[in-house]
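All remarks here apply to the structure that follows.
Coordinate-derived values only; no laboratory data. These numbers come from a predicted model, not from an experiment. Note that each Cβ is placed from the backbone with ideal geometry, even for glycine, and that neighbours are counted across all protein chains shown.
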Amino acid sequence: MKIQAIRGVKDILPGEIEKWHWVENKANQIFSRYGFKEIRLPIFEKTKLFSRGLGETTDIVEKEMYTFDDRGSEKITLRPEGTASVVRAFIEHNMYTSQTVHKLYYLGPMFRYERPQAGRLRQFYQIGVEVMGTHDPSIDAEVMIMLMEFFNSLGLNQFELQINSLGCDKCRPQYEETLKQAIVNHLPNLCENCNKRYKKNPLRVLDCKVKRDMEITLCLPKITDHICSKCKIHFEEVNSLLKEIEIPYSINPKLVRGLDYYTHTAFEVTSCKLGAQNAICGGGRYNTLVEQFDGPTTPCFGFALGLERLISLIQFDNINNVYKNPDVFVVSLGEKAKSISFNLVHRLRSGGLSVERDYDGSSIKSQMRKANKSESRFALIIGENEIKSGKYQLKNMQDGTQSNITADYCVEEIKSLISNHAIEL
Ligand SMILES: [Zn+2]
Ligand SMILES: [Zn+2]
């Protein structure tokens, strides 16, 4: 009986994973230059963390969560996103007592029950960033600037940054009322989904992806015309900081994000290389979420991006393999040589060299073929004669030259050959 992977999950095999390492390393390097530190979070949490945190009427909570009872009959959910867990950890470990601003990032798998035919994965990977503890608009700008630097470092082009302001808990309810009243006139022409959710969450009508709806919503009142003066000042400051660093962007008054917790600045990065689902990254400010979980007032700003989609956009021509080819491939001939080579391989590896060998008892010809295929720098050949003379044969696999090296000092000799060569380069 062949057991196959669950629908909507994917193995990442050697050959592919190198791309992931490369992207993850870039993220680590760039984020840490901006003062971010990694936080590693659990993959499952209590269900109420997400239902309370993301909003009961969001798509994720309504239909996409992997929720189950564990053996103690506790409701558990495989995390559909990372922010709720960051907030939970921030409060649980009293992180707010140690310093005013925390800059955190996370990386790992998320789980959503998506329709696999839509090309969506049920286990997918995200990198996310959260700044906790400041309402300073320069953080909004800085995080978006960092994201742009990250994308540029990956050689991405043809992407677009769009921003919007979603107002605050004072001005947004008023706008929602205005919006609701404007929507009512269009209800017969709007899709079923919009008809259903406009009452509870009229903002979501703005980001409906049905074509006719998209045209209708263009003429609805814009949130940026209805935010309060405090929100306006914040948004204008973010705009002017982005302009100062000459970050290209546009304002999209219909950008609302799918989650309830966003306030003030919201943003999305889209790629023209992707089809309808063209967002590669989204985020924004969420100033009330920590309080919602009974933490202290903590204004926050963050984003999350899907790694699968991001990696699909990168041209990987110029990436060096992160896995080193072996320095040495040990070729042994005969029983005695085979038993010596076991110990020898260990000595070479302990000496810091990367070493491969044959495990099949193949002929010397076949072992040399394997050495060649492994792209090792040297083949170290041991047979009866070599054991007797105490000199091993070392073949340089790049230029084909062969030399004898002393068995007892072979580790040092190979290392010095490699380091000399490194200087020549
Ligand atoms: Zn406001
Ligand atoms: Zn609609």
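Values as computed for the structure displayed
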| quantity | calculated |
| --- | --- |
| Anisotropy class of segment 1-53 from Cα gyration tensor, a/c 1.5 cut | oblate |
| Folded to 0 to 90 degrees: helix 137-153 orientation relative to the chain principal axis, Cα | 40 degrees |
| Per-residue [θ]222 nm for the chain (sum of -39500 (n - 2.57) over DSSP H runs n ≥ 4, rounded to 500) | -11000 deg cm²/dmol |
| Computed E for K391/E18 - FRET, C-beta separation, R0 41 angstrom, nearest 0.05 | 0.60 |
| Residue-wise HN-Hα coupling along segment 23-36, computed from phi with Karplus coefficients 6.51, -1.76, 1.60 (Hz; x: Gly, Pro) | 5, 4, 5, 4, 4, 4, 5, 6, 4, 6, 5, 8, x, 8 |
| Nitroxide proxy distance, nm - points 7 Å out along Cα→Cβ at S138 and H346 | 5.9 nm |
| All lysines inside 28 Å of K365 as judged from Cα atoms, apart from same-chain residues fewer than 8 positions distant | K324, K336, K338, K373, K388, K391, K395, K415 |
| Ranked by how many other beta carbons lie within 10 Å on average, peptides 222-231, 208-217 from highest | 222-231, 208-217 |
| Sorted peptide list for 243-251, 157-165, criterion being average Cβ within 10 angstrom, highest first | 157-165, 243-251 |
| Sites F44 and A407, calculated FRET efficiency, Cβ-Cβ separation with R0 41 Å, nearest 0.05 | 0.15 |
| Unpartnered cysteines - no second Cys beta carbon under 4.7 Å - across the chain | C168, C191, C194, C208, C219, C231, C272, C281, C300, C410 |
| Residue-by-residue Karplus 3J(HN,Hα) for segment 332-343, coefficients 6.51, -1.76, 1.60, Hz, glycine and proline x | 10, 10, x, 4, 5, 4, 4, 6, 5, 5, 4, 5 |
| Calculated log₁₀ intensity ratio I(q)/I(0) where the Debye formula runs over C-alpha points of segment 221-363, q = 0.10, 0.18 Å⁻¹ | -0.62, -1.15 |
| Difference of contour (0.36 nm per residue) and Cα-Cα distance, E114 to K170 | 16.7 nm |
| Dimensionless Rg over Rh [the chain; C-alpha; Kirkwood] | 1.12 |
| Global geometry of segment 44-192, whether rounded, prolate or oblate, following the gyration tensor of its Cα atoms and the 1.5 cut on a/c | rounded |
| Karplus-derived 3J(HN,Hα), 6.51/-1.76/1.60, for each residue of segment 74-91, Hz, glycine and proline x | 8, 6, 10, 10, 5, 4, x, 6, x, 4, 4, 5, 4, 4, 4, 5, 4, 6 |
| Shape of segment 1-131, Cα gyration tensor, a/c cut at 1.5 | oblate |
| Cα-Cα over 31 Å, subset of K26/K196; K19/K75; K46/K232; K26/K232; K46/K230; K230/K254 | K26/K196; K19/K75; K46/K232; K26/K232; K46/K230 |
| On Cα atoms only, tilt of 229-244 relative to the major axis of the chain in degrees | 40 degrees |
| Cut-off under 5 Å, modelled amide H: who pairs with F44 long-range | R79 |
| Cβ crowding within 10 Å averaged over residues, with 121-133, 10-22 ranked highest first | 121-133, 10-22 |
| In degrees, nearest ten, helix 364-373 long axis to first principal axis of the chain (Cα) | 30 degrees |
